[in-house]
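See structure below.
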Amino acid sequence: MTTIVEEVAEKILKASDSKTPIPFIRHHYQLTEDTAYSVQDELIRKKREKIQGYKISMTSKATQAIANTNEPAYGTLLSSNLVNSGESISLSELFSPLVEPELIFILTNDLSSDATAEDILNNSTIAAGIEIPDSRYIDWFPHFSLADLLCDDTATGLVVISEAILSPLTFDQLANIKMELFHNGEKISEGYSSAVLGNPATSVEWLVKKLSNHQKSLKKGMVISSGTFISPIRAEEGTYEVKYAGIGNAKVTFTK
């Protein structure tokens with residue numbers, strides 16, 4: 001007999017494959033957080049791709065309030081979710097994408113379940129990045145519930161990654177990185193890394209503990225998109241470039 005977890009995962013997978021968004025899962029199923037994460041696991045299993053890392057969502061109080069929760073959430077990154085900086089992406093291949101400037105951690109060693117923010121910094125390279133959240137639901141942002149988001153792999157779309165650098169930054173310096181976002185050469189937003197749970201390394205520390213609760217861990221080579229510096233912006237045609245002081249730049253172009 002098909003379980004609810006399998007049933008919901010199959011609905012989301014079909015929406016993804018057919019490029020046809022569906023109504024929110026909450027309209028038909030009442031799911032706990034643990035069950036919704038189980039749906040995410042089943043969805044990832046059905047996709048049959050190698051897990052490349054994780055993304056951290058809802059790192060601000062404002063986005064947590066949307067989902068009526070008091071902590072972030074994580075999604076799972078597969079090889080098909082990762083894009084090199086400078087590439088072009090067709091909007092016709094996506095659903096309703098957003099743009100979020102995020103720093104990317106790339107692990108140089110496995111992390112233990114009790115890894116601190118300092119441990120994370122000492123075992124990572126850091127890259128400029130842009131997350132492109134994209135959900136399989138109709139009119140999804142900002143109308144999702146926590147269960148909706150978790151089942152849909154926290155709206156994982158694409159993550160744009162630049163060349164990584166060995167971080168010369170201390171924990172305190174990482175909390176003060178200035179970000180500037182440009183669209184077709186015009187500056188449209190700016191922010192600071194302190195918006196990400198006070199420090200992006202703290203965000204990754206949260207992820208370590210949350211994954212441990214789910215009998216998962218972070219391994220060498222994994223990629224972690226650590227959380228957005230600003231409220232999400234709807235993606236439009238043109239080139240987005242994000243500049244992080246002391247880290248580098250990332251760029252992506254959206255075509256029709």
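Which count do you get for residues in the stretch 130-169 that are over 18 Å from residue 71 (Cα atoms) and acidic (Asp, Glu)? Of the residues in that region, 4 qualify.
Within the stretch 65-81, is even one residue out of contact with any Gly (no Cβ under 9 Å at 6 or more places or on another chain), farther than 24 Å from residue 231 by Cβ and not hydrophobic (A, V, I, L, M, F, W, C)? Scanning the stretch 65-81 turns up at least one residue that is out of contact with any Gly (no Cβ under 9 Å at 6 or more places or on another chain), farther than 24 Å from residue 231 by Cβ and not hydrophobic (A, V, I, L, M, F, W, C). With the structure loaded, tell me whether residue 125 is crowded, with 21+ Cβ neighbours inside 10 Å, of a type in the set (S, T, N, Q) and on the phi < 0 side of the Ramachandran plot or whether it fails that test. In short, no.
Contact annotation: residue pairs with Cβ atoms under 6 Å, 6 or more positions apart or on different chains, pairing a residue in the stretch 108-127 that is hydroxyl-bearing (Ser, Thr, Tyr) with a partner that is buried (at least 22 other Cβ atoms within 10 Å of the Cβ), are 124/105. Figure legend. Inter-residue proximity from the stretch 172-183: first residues in contact (Cβ under 8 Å) with a residue 60 or more places away in the chain, second residues surrounded by fewer than 14 Cβ atoms within 10 Å (Cβ to Cβ), beta-carbon distance below 8 Å, spacing 6+ or different chains. Indicated pairs: 177/245; 178/245; 179/245; 180/187; 181/187; 181/188; 182/188. Among residues of the stretch 42-62 being out of contact with any strand residue (DSSP E or B) (no Cβ under 7 Å at 6 or more places or on another chain) and touching a residue at least 60 places away in the same chain (Cβ under 8 Å), the one that is nearest to residue 103 (Cα to Cα) is 60.
Just one of the listed residues (42, 49, 87, 100) is farther than 15 Å from residue 149 by Cβ and out of contact with any helix residue (DSSP H, G or I) (no Cβ under 6 Å at 6 or more places or on another chain), namely 87. Among the residues of the stretch 1-31, those identified as over 15 Å from residue 154 (Cα atoms) and among the hydroxyl-bearing types (Ser, Thr, Tyr) are 2, 3, 18, 20, 29. Residues of the stretch 208-220 that are out of contact with any Ser or Thr (no Cβ under 8 Å at 6 or more places or on another chain) and touching a residue at least 12 places away in the same chain (Cβ under 8 Å): 210, 214, 218, 219.
Considered as a group, the residues in the stretch 228-247 that are more than 21 Å from residue 94 (Cα to Cα) and not β-branched (Val, Ile, Thr) include one that is surrounded by the fewest Cβ atoms within 10 Å (Cβ to Cβ), and that residue is 245. In the stretch 27-49, the qualifying residues are those that are among the polar types (S, T, N, Q) and part of a helix (DSSP H, G or I), and the one that is nearest to the chain's Cα centre (by Cα) is 40.
Just so you know, all these numbers are worked out from the coordinates, no wet-lab data involved. Keep in mind that what you see is a predicted model, and the values were worked out from it rather than measured. FYI the Cβ positions are ideal-geometry reconstructions off the backbone, even for glycines, and counts take in every protein chain you see.
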